[in-house]
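Working notes, beginning with the structure itself.
The values are calculated or read from the model by the stated rules, or taken from the named source; none is laboratory data. Remember, it's a predicted structure, so these values are computed and weren't measured experimentally. Glycine gets a Cβ as well: all are built from the backbone with ideal geometry, and neighbour counts include every protein chain shown.
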Amino acid sequence: MLKGIIKKQSRLFVLVFAVVLSVLVFFNRDKFVHLESYGYLGIFLISILGNATIIFPMPVILTAFIGGGIFNPLLVGLTTALGAGIGELTGYLAGFGGRVAIKKSEKLLRVEKWMDKYGIWALFVLAVIPNPVFDLAGIVAGATKIPVWKFLIVVWLGKLVKFMTISYLGAGSVGFLNKFL
């Protein structure tokens, strides 16, 4: 009995933590822009914080694009993907902690069906495609108890494809723009 109460309380704490972190990052997002001046570390931190928000979109894609034009696009892609994967843990934790409290919206049910049908491949594809639905995939992954290590690896690989592409597009755009300037 006591073990069940502690388990429910810890899940509630994890859910509240993920939501509070998302709200704090969202309302203080203007302060994080200055982190880019710290190079790769700044890009990494912006990526973590930008992906730590649940439902509130943050412009991490722009950071990878601009970073790719300034720094080594390979390292920018790797750094951004690593930070993004870590940041997405908030959605996972919200799902893990709030399984009982999650309202079954139409979008959530659709993502749940994709994940039931395609498993971690749905996570991978949703991580590659820039979309606001990924937070729901993280919530479903946490709620369905996909092992956290598996979640992190699949999300990192998907984000790696996305951010490598974006950072190389940023690097390529610098050369293209220099022709006209």
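What to note about this one:
- Residue satisfying all of: in the range 134-157; without any contact (Cβ under 8 Å) to a residue 60 or more places away in the chain, in contact with a helix residue (DSSP H, G or I) (Cβ under 6 Å, 6 or more places away or on another chain) and β-branched (V, I, T); surrounded by the fewest Cβ atoms within 10 Å (Cβ to Cβ) among these: V154
- I66 vs. criteria at pLDDT 65 or above, crowded, with 22+ Cβ neighbours inside 10 Å and touching an Asp or Glu at 6+ places or on another chain (Cβ under 8 Å): no
- Being crowded, with 18+ Cβ neighbours inside 10 Å, in contact with a Phe, Trp or Tyr (Cβ under 6 Å, 6 or more places away or on another chain), part of a helix (DSSP H, G or I) and at pLDDT 65 or above is a property that G42 lacks.
- Of all the criteria given as (1) at pLDDT below 90; (2) in a helix (DSSP H, G or I); (3) surrounded by fewer than 20 Cβ atoms within 10 Å (Cβ to Cβ), the one not satisfied by N131 is (2).
- In the condition set (1) in a helix (DSSP H, G or I); (2) at pLDDT 85 or above; (3) over 19 Å from Y168 (Cα atoms), K145 is compliant with all but (1).
- Complete set of residues in the range 67-94 that are over 20 Å from G158 (Cα atoms) and assigned to a helix (DSSP H, G or I): G69, I70, A94
- Single residue of the range 79-117 satisfying the filter (at pLDDT 85 or above and either in contact with a strand residue (DSSP E or B) (Cβ under 8 Å, 6 or more places away or on another chain) or hydroxyl-bearing (S, T, Y) (or both)) that is surrounded by the most Cβ atoms within 10 Å (Cβ to Cβ): T80
- When L123 is tested against (1) surrounded by fewer than 21 Cβ atoms within 10 Å (Cβ to Cβ); (2) more than 21 Å from L45 (Cα to Cα), only condition (1) is not met.
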